[in-house]
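A quick write-up on the structure given underneath.
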Amino acid sequence: MNPIALYKISYGLYIISSKSGDKYNGQIANTVNQVTATPEQIAIALNKENLTHDYILESKVFSASILSQEAPMSLIGQFGFKTGREVNKFTNIEYKLGQTGAPIVLDHTVTFLEAELMNTMDVGTHTIMVGKVIDADVMSQAEPMTYAYYHWVKGGKSPKNAPTYQAGLEGETTQATGEKYKCQICGYIYDPVKGDPEHGVDPGTAFNDLHDSWVCPICSAAKDKFDLV
Ligand code: FE
């Protein structure tokens, strides 16, 4: 089997959010699919180790925020490479509570969907969850981010809990030029050809020329957490 073939499936980039009592949590996901039209139902697949997974099974409600191409890596890092068991991911995030009481992230959100859990399916490491859409709205006319755009243009990686994560393959999508450094925490690769637009670092800036206060644009790890690739 050639695992690269699986990379050709198209995905988007979403923040799935839910609640437990008055606590909120959310996570990045690349799998949100409309599965029926009457009624409108969507399916998501979440890793069993993720806190949002447990919150949805408990509260039976969740939201999906469809991110725009302009969504910064810091937002993706906040929801994708940190755990709600250690940090409140909704700190300094613009959100609202939906009709079900589920939190809905509004930062860099093109549209949102809010759903009630109708069914689940155990698929090993993940649970597929099907929800009936209770509310949905369009927040902006910006282009939604595709997973391909996230990988190619923004240099994003898959966290190990993503359904599409493939150990050993992450990083092969960056172009092989210049001395690249990889974040030990989240797998982000600093490519001097691209620089770090999030932090105003110009293309062509060598890793060693980055300021000591520079941090990983995804997970905020310090510069000494990077290894030469
Ligand atoms: Fe990182």
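Summary of computed values
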{"quantity": "Packing rank of 199-212, 10-23, where each peptide gets the mean count of other beta carbons within 10 Å, highest leading", "calculated": "10-23, 199-212"}
{"quantity": "Theoretical FRET efficiency, 1/(1+(r/R0)^6), r = Cβ-Cβ of residue 60 and residue 224, R0 45 Å, to 0.05", "calculated": "0.55"}
{"quantity": "Cα gyration tensor, the range 24-77 - rounded (a/c under 1.5), prolate or oblate", "calculated": "oblate"}
{"quantity": "Candidates 105, 35, 133, ranked by Gaussian network fluctuation over the chain, Cα under 10 Å, top entry", "calculated": "35"}
{"quantity": "Lys/Arg +1, Asp/Glu -1 at C-beta; the range 96-162 dipole; positive extreme among 156, 108, 142", "calculated": "156"}
{"quantity": "Rounded percent of accessible protein surface that carbon and sulfur make up, the chain, 1.4 Å probe", "calculated": "51"}
{"quantity": "Cross-link reach list, aspartates and glutamates versus residue 180, counting only Cα pairs under 16 Å and skipping chain neighbours closer than eight places", "calculated": "170, 172, 191, 196, 202, 209, 224, 227"}
{"quantity": "Three-way shape call for the range 111-164 based on the alpha-carbon gyration tensor, with the a/c threshold at 1.5", "calculated": "oblate"}
{"quantity": "In nm, spacing of pseudo-spin labels at residue 135 and residue 202 (7 Å Cα→C-beta vector)", "calculated": "4.7"}
{"quantity": "Peptides ranked, highest mean first, by Cβ atoms within 10 Å: ranges 183-193, 72-82", "calculated": "72-82, 183-193"}
{"quantity": "Only Lys, Arg (+1) and Asp, Glu (-1) charged, at Cβ; the chain dipole about Cα centre in debye", "calculated": "440"}
{"quantity": "Estimated inter-spin distance, residue 149 and residue 5, nm [label 7 Å along Cα→Cβ]", "calculated": "2.9"}
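The values are calculated or read from the model by the stated rules, or taken from the named source; none is laboratory data. In this text, all values refer to a predicted model and were calculated from it rather than measured experimentally. Because the Cβ atoms are built from the backbone with ideal geometry, glycine has one as well, and the counts that use them run over all protein chains shown. In case anyone asks, the SASA skips ligands and DNA or RNA and just uses the protein heavy atoms, side chains included. Shrake-Rupley method; radii C 1.70, N 1.55, O 1.52, S 1.80 Å.
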